[in-house]
1. Would you kindly compute the Cα radius of gyration of region 1-104 and its largest Cα-Cα separation (Dmax), both in Å?
2. Provide the net charge surrounding residue 271, with neighbours chosen by a C-beta distance below 12 Å and charges set as Lys +1, Arg +1, Asp -1, Glu -1.
3. If you count only protein heavy atoms with a 1.4 Å probe, what accessible area per residue comes out for region 712-779, rounded to a whole Å²?
4. Given a 1.4 angstrom probe, I'd like the percentage of the accessible area of region 728-773 that is carbon and sulfur, rounded to a whole number.
5. Run the reach check for residue 650 against aspartates and glutamates, Cα to Cα strictly under 20 Å, same-chain hits fewer than 8 apart removed. What comes back?
6. Name the shape class, rounded, prolate or oblate, that the alpha-carbon gyration tensor gives for region 271-333, where a ≥ b ≥ c are the square roots of its eigenvalues, rounded holds for a/c under 1.5, and otherwise prolate holds if a/b is larger than b/c and oblate otherwise.
7. If you count only protein heavy atoms with a 1.4 Å probe, what accessible area per residue comes out for region 9-63, rounded to a whole Å²?
8. What figure in square angstrom, to the nearest 10, would you give for the accessible area of residue 244 with a 1.4 Å probe?
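The values are calculated or read from the model by the stated rules, or taken from the named source; none is laboratory data. Owing to the predicted nature of the structure, the values given are computational and were not obtained by experimental measurement. Note that each Cβ is placed from the backbone with ideal geometry, even for glycine, and that neighbours are counted across all protein chains shown. All accessible areas refer to the heavy atoms of the entire protein, side chains included, with ligands and DNA or RNA removed. Shrake-Rupley method; radii C 1.70, N 1.55, O 1.52, S 1.80 Å.
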Amino acid sequence: MDARSQALLEFPLVRERLANATSFPPSRRLAETLEPSPDPVVVARRLDETDQARSLLEERPGVGVGGAHDIGPWVERAARGGRLEPGQFLEIADTLDATARLGTSLADDRRVLLRELGRELHALPALRSTLARSFDPIGELLDTASPRLGGLRSAVRIAYDRLRRRLDALVGTELGNALQDPIVTLRNGRYVVPIKAEARSRVKGIVHDASGSGQTLFIEPLVAVELGNAWREAQAAEHEEIARILDELSAFVAVNAVALRETLDALARFDLWVAKATLAGEMGGVRAETADRPEVILLSARHPGLSGRVVPIDIRVGDGYTALVVTGPNTGGKTVTLRTLGLLSLMHQSGLHLPVAAGSRLPIWRDVFADIGDEQSVAQSLSTFSGHLRRITTIVEVAGPGTLVLLDELGAGTDPTEGSALAQALLDHFIRAGAIVAATTHYSELKAYAYTTAGARNAAVEFDLESLSPTYRLTIGLPGGSQAFAIAERLGLPPSVVADARSRLSESQRSFEATLASIRATEGETSDSLERARSAEIRALEALRIAEEERRRARRERDEAVRAARLEANRLVAELRDELATTRLALERETVTARSLDAAVARAEGIEERLPAAESVTGEPPVNVPRRWHLGDRARTTTGWEGRITALEKGGTRATIEANGMRVTVDVDGLWPAASQGDGARQGARPSPVADGTTNAGELRLERASHVASSLDLRGARVEEALDALSRYLDDASLAGLGSVVIIHGMGTGALRDAVRAAVSEHPLVASSRSGERGEGGDGVTVATF
């Protein structure tokens with residue numbers, strides 16, 4: 001995206017704030033090179049990263065990459081066969097420790113992106129344990145770094161002790177007056193004693209150095225040479241073993257170079273996500289919704305670079321108009337409005353949360369162009385107008401659908417008449433090109449243009465004439481005034497001068513200003529009315545929400561009461577069954593007496609009286625809770641709509657009710673059994689159709705015929721649901737005495753049709769079946785005759 005516009009909109013300052021929130025150099029480099037993306041998939045992924053990191057920090061504030069270092073150069077050095085220093089190994093060990101801690105935190109995280117990133121963290125336990133037993137906390141090699149190192153270091157200490165004891169003996173007694181000072185010192189890595197120059201012949205040995213005056217010679221006595229050689233040889237062996245260990249450990253790092261690179265990259269990305277989440281918290285930001293069309297809705301937007309008391313503004317553009325003309329006095333916030341719109345757009349496409357209110361929405365721009373500030377250049381012989389025009393010319397060439405264009409003081413710097421005409425032509429061009437454009441101006445002609453052009457809209461920054469200070473509030477739909485005369489009066493300019501200035505305005509200018517004032521007054525009243533309507537709507541929605549919550553709470557309480565009553569009833573029934581079983585056992589043993597039988601009957605009647613009635617629990621007829629609905633069931637909604645269920649959706653939680661050719665879809669929680677199928681449940685058990693050995697078939701047919709339709713609509717149902725409903729329907733229709741029925745299954749892929757026809761042909765109550773004729777629905781229905 002356009003780099004110059006990013007600089008004009010101060011996006012590098014946001015990047016710098018983000019970089020300062022990182023914890024170590026690799027993530028800082030990622031922050032410093034962060035660029036807005038025009039790809040919706042990339043933007044969505046970046047926003048998800050910020051969301052999930054912010055959620056993680058809310059749950060575990062201390063999580064991070066603490067202790068990690070930029071080990072990239074050391075890994076590359078080892079991979080090229082170089083030898084690493086102990087301090088570099090220590091940084092690798094610290095980084096692996098941080099990796100292990102973070103990997104444990106993310107291993108089973110419920111957030112997908114964090115869990116996936118955790119899989120890219122390789123703690124490398126073998127390398128980690130090897131480094132832990134090889135180095136102490138300050139980076140010194142331990143004796144346990146290799147089997148030989150401890151023994152070699154012991155040999156060095158023994159050889160040193162022998163050498164020092166012999167030299168101390170020489171200094172203490174044997175050399176006597178030949179010594180310049182009774183000390184042992186080092187020269188060229190060899191232990192020597194200071195001998196007076198005149199006593200040189202008295203001490204046999206090797207001269208390693210002399211003092212500046214020549215009065216002292218530093219001599220290694222011959223009796224100590226062999227001991228010194230033994231000490232130096234032991235040191236050389238130790239150094240050789242240390243070099244071998246470092247080479248071996250460097251090769252171990254090289255073997256794991258790929259995993260270490262991936263780990264470092266994952267740590268850097270995680271720390272960048274955390275930095276984005278931290279920045280969002282500092283700004284009080286939220287995730288803006290991504291619009292699927294070029295429409296901007298920024299609610300209570302604040303410029304991230306402003307400090308102190310920041311007045312939020314609402315910016316809307318793209319819904320019915322694609323050009324926004326912002327007018328008002330100087331220092332009123334016109335340019336800040338443009339910067340806020342542009343900067344928040346760039347931040348959004350960089351995956352950052354924005355300092356806006358919930359409900360804000362931004363599209364994914366193909367590019368963002370800005371012309372803000374003074375483009376004057378003495379070196380290039382450019383005036384302010386020429387500098388702006390050169391920049392605008394570049395924008396005109398590339399602006400089009402999916403681009404955002406921000407123009408500050410459009411047409412300024414030249415003759416006002418020509419400048420305003422040029423500004424109107426540019427706005428027309430951008431509107432025709434399909435770009436979204438926002439421009440600031442002082443020209444009255446542009447205010448009229450925005451008022452009369454269908455694709456443009458006025459916006460004004462407000463100014464308090466009493467305090468002579470801007471309020472920084474933005475009002476869309478109203479043109480703003482420069483307030484030059486009013487400000488001049490308030491600042492003490494003589495009224496006669498101000499009046500003279502007013503009189504110099506042309507009649508058309510005065511008429512235009514009066515018209516604008518009328519527009520502002522009218523639209524201000526409209527805005528107030530709209531705001532009152534919105535407030536009323538919000539209050540109504542809140543009342544509706546509260547009523548709905550109360551309804552759900554009452555339903556939950558009723559359901560819980562019914563369940564409790566059922567549990568109590570089941571317990572009492574079980575108690576009654578136990579009582580009957582005891583009485584039956586006594587009867588079988590013929591030990592029951594009239595008194596004990598009366599007592600058993602009394603206990604049973606007492607249990608029956610304690611059984612709770614559903615009416616006493618809920619105040620309503622008992623219902624089946626929870627009710628499992630099926631296709632073909634008759635049901636009644638809470639609003640009084642009654643009909644047959646023709647479709648079940650979303651796992652049986654939504655049902656479509658059909659009655660008199662009309663359909664309505666509702667939640668199954670709001671359904672009750674219809675009177676035609678639920679009266680029995682409310683009135684208790686029906687009389688059995690079999691009494692005294694005879695069957696009342698006529699009553700049964702009459703009962704079935706009262707609620708069985710002549711057709712069944714199975715469209716939209718799954719095959720299993722459809723066959724279940726079909727079987728019950730055919731049984732009910734046959735019992736109702738219907739001669740034939742129509743099953744509506746539609747044509748579709750033919751799977752449901754074939755399954756229905758196979759089931760109908762195999763049903764024992766069906767005599768014959770056929771496809772529908774031309775006026776019956778054709779191949780989309782099956783007619784079954786009983």
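1. 17.3, 47
2. Working: positive: 28, 29, 269, 276; negative: 49, 70, 265.
Net charge around residue 271: +1.
3. Working: 3620 Å² over 68 residues.
Result: 53 Å² per residue.
4. It is 54 percent, rounded to a whole number.
5. Cross-link targets: 633, 658, 667, 669, 713, 720, 721, 724.
6. On the way: a/c = 3.18, a/b = 1.30, b/c = 2.44.
Because a/c hits 1.5 or more and a/b fails to exceed b/c, region 271-333 counts as oblate.
7. On the way: 2720 Å² over 55 residues.
Per-residue value: 49 Å².
8. About 100 Å², ignoring ligands and nucleic acids.
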